[in-house]
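J.: Here you go, one structure.
The values are calculated or read from the model by the stated rules, or taken from the named source; none is laboratory data. These figures come from a predicted structure and were not determined experimentally. Every residue, glycine as well, gets a Cβ built from its backbone with ideal geometry; the counts of neighbours run over all protein chains shown. The accessibility values were calculated without ligands, DNA or RNA, using every heavy atom of the protein model including side chains. Shrake-Rupley method; radii C 1.70, N 1.55, O 1.52, S 1.80 Å.
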Amino acid sequence: MISDAPVLQQASEPAENVAAPSRAARYARPLLGALLPLALALGWELVVWLGWSNGRLVPPPSRIFATIAELARSGELVRHIIATLWRVGLGFAFGVVAGTLLGAVSGYWSLARRLLDPTVQALRAIPSLAWVPLFILWLGIFETSKVALIAVGVFFPVYLGVMGAILSVDRKIVEVGRTFRLSGFAMIRRILLPAVLPAYVVSLRVGLGLGWMFVVAAELIGASEGLGYLLLDGQQLGKPAQILAAIVIFAILGKLTDWLIEVAAAPFLRWQDAFVRVKGA
Amino acid sequence: MLALDRVSKTYPNGVQALARFSAEIRQGEIVAIIGGSGCGKSTLLRAIAGLDRASSGTVTLDNEAISSPHAKIGIIFQEPRLLPWLSVADNIGFGLADLPAAERREKVVRALERVGLAEKAQAWPRELSGGQAQRVAIARALVPQPEVLLLDEPFSALDAFTRRDLQDHLLDLWADTRPTLILVTHDVDEAVVLADRVLVMRPRPGRLFDQIEINLGRPRDRNSPLFETFKRSVLTSLDRSLDRSVPDRDATQGPGQAMWW
Ligand SMILES: Nc1ncnc2c1ncn2[C@@H]1O[C@H](COP(=O)(O)OP(=O)(O)O)[C@@H](O)[C@H]1O
Ligand SMILES: [Mg+2]
């Protein structure tokens, strides 16, 4: 068999070549990106330490970390983090379920799209924060209105992502399914779902990012706990270190949850990403 | 036997792509369909595959009318159309979902070896060259053992060297189970090297113009004088198919000068 295809057998093997750049190079790149913020942080630390600035409005990193440590020791930090995570998690879940269902219906069924999509697009044109007063009137000042606001923020990118992904599934590949006489359900499971997955994961990550944005808005509007409350409290009591501490923790949590989605999706997207494949080898 | 009886197709936009195309194709025969671009070759193949319905006329396989994709009919397109999220092995086994896993695996392994890609079993489609990907597509279509295999310009996107290689390879695979092959091509060489019979189509509306039996034994020598003779007669027929002054099914001789593509 091999002998009758000398030309083909020599064809390139891209994956192996990608593997060639060494581990060192792979770790060096993110490190390079960390250089600037690290230098700035250290520089500012030095400026305050030398007494060139009192660092009251812009506290040096050491003071921010001291604030975090103090909050952690008193157990307050955990309480705030849990409150915020709970709101984001719940809002994200509702937003994803609604966005996925409606997006799938609109993408799969053109009658539903013509019926539904204009309304959804019109609602999308409203800046989501404009809902806040209404949500507070309808749902009260407590958890429900916050979760609803977050869910609204998550809903739109997921809806658009799912619908767009279904609409852009390659007709030629659907035809392959048809030639093998896949039933409607098998077509969804074996062709549509895998084809849609990459775009879906992206829309989940965008949705999560908006979820984090809206939890801050929700907690700034009125809360007795949560990281957003820490922000507001820091402003009212003039504690910039506490504000920056909350911002740092927002950044860490945002990155962490995004990473979780990425890791959870990675096994299903191996076919797409040469980098992950090489790492697994 | 595959019977096409006055198959016509008019698209919703009013284009009459195919007009009263009739032909009978024996089980195990290799038929090449050749003709200028836009003369309805793909339309015809899609009607046989059951992917599109003919506006009128019938396609029957062993007395069974074909109006939707059929287990006994496989199709290979110009692009490999592999599913990028499945490994090469899983792509080949795609049409065998109904079989028990062990049997499926065995068939896939055999097919992989048969197309010379055993060591690529676990590769992703994006890691294959164009020729390798088309081999996988051929294996995927052949592994459920269709009675009829349709090929729509399957090698036209490949370089000349790879194309020849795959033509020989296709014949080799065909010899295993001898399905009926219907091959659309615009390559006269390809038609003469593969086919028992060449059907020449003419455009606007797409219809059958001429049939040429290729009475050559196999394997065929592309450089033999007889091969050249058959090539010339196919080319002549193609030229005449594009010459509007030549009426349908006319037997008068004389090579035309029209560029047939
Ligand atoms: N889906 C379609 N809708 C409308 N017209 C089409 C469609 N597909 C093909 N045609 C037209 O039908 C004619 C035959 O097309 P096709 O069968 O693809 O030709 P070929 O494969 O021989 O190049 C062409 O004029 C083409 O423009
Ligand atoms: Mg075509």
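J.: List the number of the failed condition for B:A32; all other conditions in (1) within 12 Å of ligand 1 (Cβ to nearest atom); (2) outside any helix (DSSP H, G or I); (3) open to solvent by less than 20 Å² (accessible area, probe 1.4 Å) hold.
T.: (1)
J.: So B:S22 passes all but one of these: (1) open to solvent by less than 20 Å² (accessible area, probe 1.4 Å); (2) more than 16 Å from ligand 1 (Cβ to nearest atom). Which condition number does it fail?
T.: Unmet for B:S22, out of (1) open to solvent by less than 20 Å² (accessible area, probe 1.4 Å); (2) more than 16 Å from ligand 1 (Cβ to nearest atom): (1).
J.: For the list (1) at the interface with another protein chain (Cβ under 10 Å from one of its Cβ atoms); (2) away from ligand 2 (no atom under 16 Å from the Cβ), I need the number of the one condition that B:F77 fails.
T.: Of everything listed in (1) at the interface with another protein chain (Cβ under 10 Å from one of its Cβ atoms); (2) away from ligand 2 (no atom under 16 Å from the Cβ), B:F77 misses just condition (2).
J.: Looking at B:G116, B:G131, which is the one that is at pLDDT below 95, facing another protein chain (nearest Cβ under 8 Å) and not in a loop (DSSP other than H, G, I, E, B)?
T.: Details: B:G116 fails: not in a loop (DSSP other than H, G, I, E, B).
Among B:G116, B:G131, only B:G131 is at pLDDT below 95, facing another protein chain (nearest Cβ under 8 Å) and not in a loop (DSSP other than H, G, I, E, B).
J.: Out of all the residues in region A:238-250, is one or more more than 30 Å from B:L151 (Cβ to Cβ) and within 13 Å of the chain's Cα centre (by Cα)? Quick ask: steps written out before the conclusion?
T.: Step one: list which residues in region A:238-250 are more than 30 Å from B:L151 (Cβ to Cβ), which gives A:238-250.
Next, from what is left, pick out any that are within 13 Å of the chain's Cα centre (by Cα): A:250.
Yes: one or more hits.
J.: Only one of B:A123, B:A157, B:A141, B:A111 is surrounded by fewer than 22 Cβ atoms within 10 Å (Cβ to Cβ) and more than 16 Å from ligand 1 (Cβ to nearest atom); which?
T.: The conditions single out B:A123.
J.: Ok, one more. Residues to consider are B:L242, B:L208, B:L183, B:L238; find the one that is open to solvent by 20 Å² or more (accessible area, probe 1.4 Å), within 15 Å of ligand 1 (Cβ to nearest atom), among the aliphatic types (A, V, I, L, M) and away from chain A (no Cβ under 14 Å).
T.: The conditions single out B:L242.
J.: Something else: If you check B:A54, B:A47, which single one turns out to be within 15 Å of ligand 2 (Cβ to nearest atom), buried (at least 20 other Cβ atoms within 10 Å of the Cβ) and within 25 Å of B:T185 (Cβ to Cβ)? So that I can check it myself, show each step before the final result.
T.: Working: B:A54 fails: within 15 Å of ligand 2 (Cβ to nearest atom).
After ruling out the rest, the residue left standing is B:A47.
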